[in-house]
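Structure, as structure tokens:
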Amino acid sequence: MRIYFFSAQKYDREFMERGNENHGFELAFTESPLNADTARLANGAEVICAFVNDTLDAPCLQALADAGVRIVAMRCAGFNNVDVPEAKRLGLSVVTVPAYSPEAVAEHTLALILTLNRNTHRAYARVREGDFNLKGLLGFNLNGRTVGLVGTGRIGVATARVLSGLGVQLLGFDVYENPAFEALGGRYVELDDLYAQSDIISLHCPLTDANHYMINATSIARMKDGVMLVNTSRGGLIDTEAVIEALKSRKVGHLALDVYEQESDIFFRDLSDEILADDMLSRLLTFPNVLITGHQGFFTEEAMTQIAEVTLANVAAVAGNEPCDNELTRRL
């Protein structure tokens, strides 16, 4: 069975080939993103493997089905970029990797909070230039502060666990309350109360039609002055134009992003020799109180190993007509 990987980087090939030693699939890779125009590259493959910024809309899925593809394997947890009902209509099985080292994203969230608060990224650059001045590097104690977590699934709880050791007060909001969050001392509140009471707000929820732009001018107005916003989930949760205005007015005191709503043409690429055409991202990069990483929260040895193992196990199960808990289309 041949699996064609889209948006594949060198490290994807390394981990997938290592995981494939237990399966023996034929693997092929391209750095090209998947969309309706590039789907033809999968001709001859029974399976395609896609990532977070690929576009699996109805035209793309139709092109894949026409090319003979039977299984769509997402090597990520999110599937907001997949038209799952259309895939089911076309007879395509869609599988995901719903849990891979939630600690990887949780620890990256903590790294963003600590780095942005204590300005260690700025201090590092200064010291290398011989500047040991502390002006502009003032932070605040996390101990005793209130952190609001929007989403308390596996990653949200893992984040609560690492934060709890710092002596913070934990608030949570989720449509499904998780006893594991409460066991860590977390307290569930309504979303507006979380906005109003939190010194730091961290997003750990999937992107849906209902929560698109949940961080907008209206919700920001309900937050504390100087709030820190952290997003390691999906870029579309934040209205970037609204948060830029809030940074300019100092309503938002700190912003940490590992995801960005227009990241598909930017992240996972080396653009150091090019002019950045995205005006909003360019504007964000001018703020000293903004920290951006290129969707690397998942990027640990453990997480990449799990992603490869689960992705290939999903394909083996569906191809063998065996039950697969990670198959989305079977649930519809």
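In the condition set (1) open to solvent by less than 30 Å² (accessible area, probe 1.4 Å); (2) at pLDDT below 95, Phe51 is compliant with all but (2).
Quick one: count up the residues across segment 167-184 that are of a type in the set (D, E, K, R) and open to solvent by 50 Å² or more (accessible area, probe 1.4 Å). Can you show your working first?
If we filter segment 167-184 for residues that are of a type in the set (D, E, K, R), which is where we start, we get 174, 177, 182.
Now drop any that are not open to solvent by 50 Å² or more (accessible area, probe 1.4 Å), which leaves 177, 182.
Qualifying residue count, segment 167-184: 2.
May I ask you to verify whether Ala313 is open to solvent by 20 Å² or more (accessible area, probe 1.4 Å), farther than 30 Å from Arg118 by Cα and of a type in the set (Gly, Ala, Ser)? In short, yes.
Can you confirm whether Thr115 is closer than 19 Å to Gly253 by Cα and touching a Ser or Thr at 6+ places or on another chain (Cβ under 6 Å)?
Numbers: closer than 19 Å to Gly253 by Cα: yes; touching a Ser or Thr at 6+ places or on another chain (Cβ under 6 Å): no.
Criteria not met by Thr115.
For segment 288-300, give me the residue count where each residue is under 17 Å from the mean Cα position of the chain (by Cα) and open to solvent by 10 Å² or more (accessible area, probe 1.4 Å). Selection size over segment 288-300: 9.
Quick one: is Ala77 buried (at least 21 other Cβ atoms within 10 Å of the Cβ), modelled with pLDDT under 95 and under 15 Å from Asn314 (Cα atoms)? Explain how you work it out, then say what you get.
Details: buried (at least 21 other Cβ atoms within 10 Å of the Cβ): yes; modelled with pLDDT under 95: yes; under 15 Å from Asn314 (Cα atoms): yes.
Judged against the criteria, Ala77 is a match.
Take the conditions (1) closer than 22 Å to Ala316 by Cβ; (2) open to solvent by less than 70 Å² (accessible area, probe 1.4 Å); (3) in contact with a helix residue (DSSP H, G or I) (Cβ under 9 Å, 6 or more places away or on another chain); Asn22 misses just one of them, which is (2). Looking at Leu163, is it assigned to a helix (DSSP H, G or I), under 24 Å from the mean Cα position of the chain (by Cα) and surrounded by fewer than 17 Cβ atoms within 10 Å (Cβ to Cβ)? So Leu163 does not fit the description; no.
Within segment 1-14, residues that are touching a residue at least 12 places away in the same chain (Cβ under 8 Å) and surrounded by 15 or more Cβ atoms within 10 Å (Cβ to Cβ) sit with their Cβ atoms under 9 Å from residues that are assigned to a helix (DSSP H, G or I) and of a type in the set (D, E, K, R), at 6+ positions apart or across chains, in these pairs: Phe5/Asp12; Phe5/Arg13.
Residue by residue, here is whether (1) within 13 Å of Leu328 (Cα to Cα); (2) at pLDDT 95 or above; (3) in contact with a Phe, Trp or Tyr (Cβ under 7 Å, 6 or more places away or on another chain); (4) among the acidic types (Asp, Glu) holds:
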position	(1), (2), (3), (4)
Ala65	no, yes, no, no
Gly68	no, yes, no, no
Val84	yes, yes, no, no
Ala87	yes, yes, no, no
Ser101	no, no, no, no
Arg118	no, yes, no, no
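Condition first: at pLDDT 95 or above, open to solvent by less than 20 Å² (accessible area, probe 1.4 Å) and within 20 Å of Phe267 (Cα to Cα). Can you find one or more residues in segment 211-222 that meet it? No, that holds for no residue. Among the residues of segment 123-130, is any in the same structural domain as Val252 (by the TED database) and not in a helix (DSSP H, G or I)? For segment 123-130, residues in the same structural domain as Val252 (by the TED database) and not in a helix (DSSP H, G or I): present.
Quick check on segment 197-210: of everything there that is in a loop (DSSP other than H, G, I, E, B) and under 15 Å from Val259 (Cα atoms), which residue is most open to solvent (accessible area, probe 1.4 Å)? Walk me through it before giving the result.
Filtering segment 197-210 for residues in a loop (DSSP other than H, G, I, E, B) gives 198-199, 204-210.
Those left that are additionally under 15 Å from Val259 (Cα atoms): 204-207.
Details: His204: 21, Cys205: 20, Pro206: 90, Leu207: 36 Å².
Per the stated criteria, the residue is Pro206.
Residues of segment 98-143 that are open to solvent by less than 60 Å² (accessible area, probe 1.4 Å) and of a type in the set (Phe, Trp, Tyr): Tyr100, Phe140. A Cβ distance below 6 Å, combined with a sequence gap of six or more or placement on separate chains, defines the contacts here; from segment 156-167, residues that are under 22 Å from Tyr100 (Cα atoms) reach residues that are outside any loop (DSSP other than H, G, I, E, B) and among the polar types (S, T, N, Q) in the pairs Thr159/Thr109. Every test in (1) within 18 Å of the chain's Cα centre (by Cα); (2) modelled with pLDDT of 95 or more is passed by Asp265 save one, and that test is (2). Within segment 267-322, take every residue that is among the β-branched types (Val, Ile, Thr) and assigned to a loop (DSSP other than H, G, I, E, B) and give me the one that is farthest from Ile3 (Cα to Cα). My answer is Thr286.
The values are calculated or read from the model by the stated rules, or taken from the named source; none is laboratory data. Small disclaimer: the values here were computed from a predicted structure and weren't measured. No Cβ is skipped: glycine too gets one built from the backbone with ideal geometry, and neighbour counts run over all protein chains shown. Heads up: the accessible areas ignore ligands, DNA and RNA and are worked out on the full protein's heavy atoms, side chains in. Shrake-Rupley method; radii C 1.70, N 1.55, O 1.52, S 1.80 Å.
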